[in-house]
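Worksheet for the structure shown next.
The values are calculated or read from the model by the stated rules, or taken from the named source; none is laboratory data. None of the values given here were measured: they were computed from a predicted structure. Cβ placement follows ideal geometry from the backbone for every residue including glycine, while neighbour counts extend to all protein chains displayed. What goes into the accessible areas is simple: the full protein's heavy atoms, side chains included, and nothing from ligands, DNA or RNA. Shrake-Rupley method; radii C 1.70, N 1.55, O 1.52, S 1.80 Å.
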Amino acid sequence: VGLKIHNDVAILWSRDSANAIGFMPYGGPVPANSWSRTPDGYQSLVQQMHHSLYELNIGSDFVFPETQDFSAYKVLIVPALYISDDALLQRISDYVKNGGHVLMTFKSGFANENSAVRWVRAPGPLREAAGISYQEFSNLENPLALKGDPFHVGADSNKVSYWAEFLMPEHATPLAWYNHPFFGKWPAITENHYGTGTLLYEGTFLSDALQTAILRDELKNAGLTGPD
């Protein structure tokens, strides 16, 4: 009686972002009424994150755009938060500033709650916390490797696909670059220290092994790895 599991990691689920990305997919069209792990839908990102946590033996909760306080969690995972009001982005920013660790993927902070593209440079109100901005993006016709296999996952898994944002670091540190004569001008993954926390931003779709490796590093930084 009264027992309750306390998880230190949460995934932010946004129904509005799932719907919007269904209309604006980052790969090919999402099959109608599909909740399978398609490579170009919001669900595929959420399922990839959840599966990586499962492989790492880490329990997680789901939180929602209406959640007012993320401070109970050491790590907040934010897949493609394409639709959000300014207040939610400010809460995420404050969470980082106060010591939280955020792992965020591409297409976050792009449109407001009415699915209107923000008039400020992406990722909007998250720009200071993320330490990056971008003005352009592209589909990727073929998978690309990351230069130098920075997360040591091997040649077969050191791949990104479907989407690339041309990230311009302002305060953030690049963690990985595309191994490509054109796309290699911009980092694929960055991390920014903001206040007493960090925000890691993925500007592209990662292989499963890459995602697991990056999550493992984030969990280690948050003190969530070890025998338990």
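From the list G148, G59, which one is assigned to a loop (DSSP other than H, G, I, E, B), touching a strand residue (DSSP E or B) at 6+ places or on another chain (Cβ under 9 Å), closer than 19 Å to I189 by Cβ and open to solvent by 30 Å² or more (accessible area, probe 1.4 Å)? Show your work before the answer.
Numbers: G59 fails: closer than 19 Å to I189 by Cβ.
Checking each option against the conditions leaves just G148.
Out of the range 87-138, which residues are of a type in the set (D, E, K, R), touching a residue at least 24 places away in the same chain (Cβ under 8 Å), farther than 18 Å from S17 by Cβ and not in a helix (DSSP H, G or I)?
Hit for the range 87-138 is E136, nothing else.
Only one residue in L200, L224 is more than 16 Å from the chain's Cα centre (by Cα), within 30 Å of H6 (Cβ to Cβ), surrounded by 15 or more Cβ atoms within 10 Å (Cβ to Cβ) and of a type in the set (A, V, I, L, M, F, W, C), so which one is that? If you could, list the steps in order and put the result at the bottom.
Details: L200 fails: more than 16 Å from the chain's Cα centre (by Cα).
From the options L200, L224, the qualifying one is L224.
Pull out all pairs, ordered by first then second residue, where Cβ-Cβ is under 8 Å, the residues are six or more apart or on different chains, the first lies in the range 213-228 and is on the phi > 0 side of the Ramachandran plot, and the second is open to solvent by 50 Å² or more (accessible area, probe 1.4 Å) and not polar (S, T, N, Q).
That search, which allows pairs on different chains as well, returns G223/K74.
Take the range 87-105 and flag every residue that is within 17 Å of W13 (Cβ to Cβ) and touching a Gly at 6+ places or on another chain (Cβ under 8 Å).
Once the filter is applied, which keeps residues that are within 17 Å of W13 (Cβ to Cβ) and touching a Gly at 6+ places or on another chain (Cβ under 8 Å), the range 87-105 yields L89, Y95, V102.
Based on what the data block shows, is L45 closer than 18 Å to G203 by Cβ, part of a loop (DSSP other than H, G, I, E, B) and touching a Pro at 6+ places or on another chain (Cβ under 9 Å)?
Working: closer than 18 Å to G203 by Cβ: yes; part of a loop (DSSP other than H, G, I, E, B): no; touching a Pro at 6+ places or on another chain (Cβ under 9 Å): yes.
The answer is no for L45.
Using beta carbons and a limit of 8 Å, which pairs, at least six apart or on different chains, have the first residue in the range 44-58 and more than 15 Å from M104 (Cα to Cα) and the second one open to solvent by 80 Å² or more (accessible area, probe 1.4 Å)?
Going by the 8 Å Cβ cut-off, the qualifying pairs are L56/R216.
Among the residues of the range 37-54 satisfying the criterion of being in contact with a Ser or Thr (Cβ under 6 Å, 6 or more places away or on another chain) and modelled with pLDDT of 95 or more, which is surrounded by the fewest Cβ atoms within 10 Å (Cβ to Cβ)?
Out of the qualifying residues, it is L53.
List every residue pair whose Cβ atoms lie under 7 Å apart, where the two residues are 6 or more positions apart in sequence or sit on different chains, the first residue falls within the range 164-190 and is closer than 14 Å to S138 by Cβ, and the second residue, located anywhere, is among the aliphatic types (A, V, I, L, M) and modelled with pLDDT under 95.
Every condition considered, the pairs that remain are A164/L140.
Starting from the range 140-155, keep only residues that are over 14 Å from D208 (Cα atoms), then list their pairs with residues that are open to solvent by 80 Å² or more (accessible area, probe 1.4 Å) and in a strand (DSSP E or B) whose Cβ atoms are within a distance under 6 Å, requiring at least 6 positions of separation or different chains.
Partner pairs satisfying both residue conditions: K147/W177.
Which of the residues spanning the range 152-191 are closer than 28 Å to G100 by Cα, among the acidic types (D, E) and surrounded by fewer than 18 Cβ atoms within 10 Å (Cβ to Cβ)?
E170
Hey, among the residues in the range 71-129 that are out of contact with any strand residue (DSSP E or B) (no Cβ under 7 Å at 6 or more places or on another chain) and among the polar types (S, T, N, Q), which one's most open to solvent (accessible area, probe 1.4 Å)?
N114
Taking P65, is it modelled with pLDDT of 95 or more and either surrounded by fewer than 14 Cβ atoms within 10 Å (Cβ to Cβ) or part of a loop (DSSP other than H, G, I, E, B) (or both)? Steps first, answer last, please.
On the way: modelled with pLDDT of 95 or more: yes; either surrounded by fewer than 14 Cβ atoms within 10 Å (Cβ to Cβ) or part of a loop (DSSP other than H, G, I, E, B) (or both): yes.
It is true that P65 is modelled with pLDDT of 95 or more and either surrounded by fewer than 14 Cβ atoms within 10 Å (Cβ to Cβ) or part of a loop (DSSP other than H, G, I, E, B) (or both).
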